[in-house]
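Some notes on the structure that comes next.
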Amino acid sequence: MNKESIIMQLKTLADQNGVCFEQEVLSRAVELAQFKVFPKGTTLKNIGDKVQQTAFVLDGLVRCYYIDGDGNDITRGFGFDGGMCMDEGMMGLPEHICMWETVEESTLMLFEVRELKSLIMSSESLKTIWIGLLEKGLNYKIYRESSFLTENATERYLYFRKHYPQLCDRVPQKHIATYLGITPESLSRIRKTMKDE
């Protein structure tokens, strides 16, 4: 990957998300980053690993998940095309609290947490973007918590389909089910009922 094509890809992702970067900020970000392509099924981080890096998904799909007391994995969320992954360090956590794996072959833009935080603090536009990402993350967290208290599984699935249509065919149904807090069998029944209606 050459620098100019990476900058163009970042500009495209920024435009798709309504974000504006200065050219020099993009150039500095590219200089700080490592770019790696990870095959499908690669474990990126384990629970308890020391936090050193964070990443943006340039293309592909990653999943983060917890392991419960019975050894089951429970999906916390997904990172895809322009989203963050391995973000615990950006939130100030010293260790990874969940597993991170690639669901598809994924190209990641990897940063040392300390360097990315420093870059963000050096740019007013990046600070504004970072505040927006934090607000979006907090809104997501508030919805997730309230949805498990006030919505049934079908309502949570409809919300997922409406807000993440690009994931419905890319993510294995078992991962969508654990994300929704239900079994794969329950998700199959919900999907069948929706087709029948």
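Just so you know, all these numbers are worked out from the coordinates, no wet-lab data involved. Since this is a predicted model, take the numbers as computed values, not measurements. Here the Cβ positions follow ideal geometry from the backbone for every residue, glycine too, while neighbour counts run over all protein chains shown.
The table below lists the values:
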| quantity | calculated |
| --- | --- |
| Label-point gap, in nm, between Asn72 and Thr43 - each point 7 angstrom along Cα→Cβ | 2.1 nm |
| Difference of contour (0.36 nm per residue) and Cα-Cα distance, Asp169 to Glu31 | 46.2 nm |
| Hydrodynamic radius by Kirkwood, which averages 1/r over all alpha carbon pairs of segment 58-148, in angstrom | 14.7 Å |
| Eligible lysines near Lys11 by straight Cα distance, threshold 21 Å, same-chain separation 8 or greater | Lys3, Lys36, Lys117, Lys127, Lys136 |
| Of the DSSP H helices in the chain, those whose Cα atoms cover at least 30 Å axially and whose Kyte score averages -0.5 or more | 124-150 |
| Span from the segment 132-186 Cα centroid across to the segment 51-102 one, whole angstrom | 16 Å |
| Order by protection proxy (mean Cβ within 10 Å, highest first), peptides 94-102, 47-55, 33-41 | 94-102, 47-55, 33-41 |
| Per-residue Cβ neighbour rank within 10 angstrom, fewest leading, Val113, Val57 | Val113, Val57 |
| Gyration tensor (alpha-carbon) shape descriptor, segment 3-114, a/c threshold 1.5 | prolate |
| Partner lysines for Lys40 [C-alpha distance under 20 Å; skip if fewer than 8 residues away on the same chain] | Lys174 |
| Amide H partners (placed H, <5 Å) of Gly83, local residues excluded | Val57 |
| Largest to smallest principal axis extent of the C-alpha atoms in the chain, angstrom | 53, 35, 31 |
| Percent of Cα-Cα distances greater than 14 Å, calculated over segment 113-156 | 62 percent |
| Additional length obtainable on full extension of the chain from Glu155 to Lys117, 0.36 nm per residue less Cα span | 10.0 nm |
| At most 15 other Cβ within 10 Å, DSSP loop - GluC sites (Glu not before Pro), segment 18-68 | Glu22 |
| Fewest-first ranking of Glu115, Glu185, using other Cβ atoms within 10 Å as the exposure measure | Glu185, Glu115 |
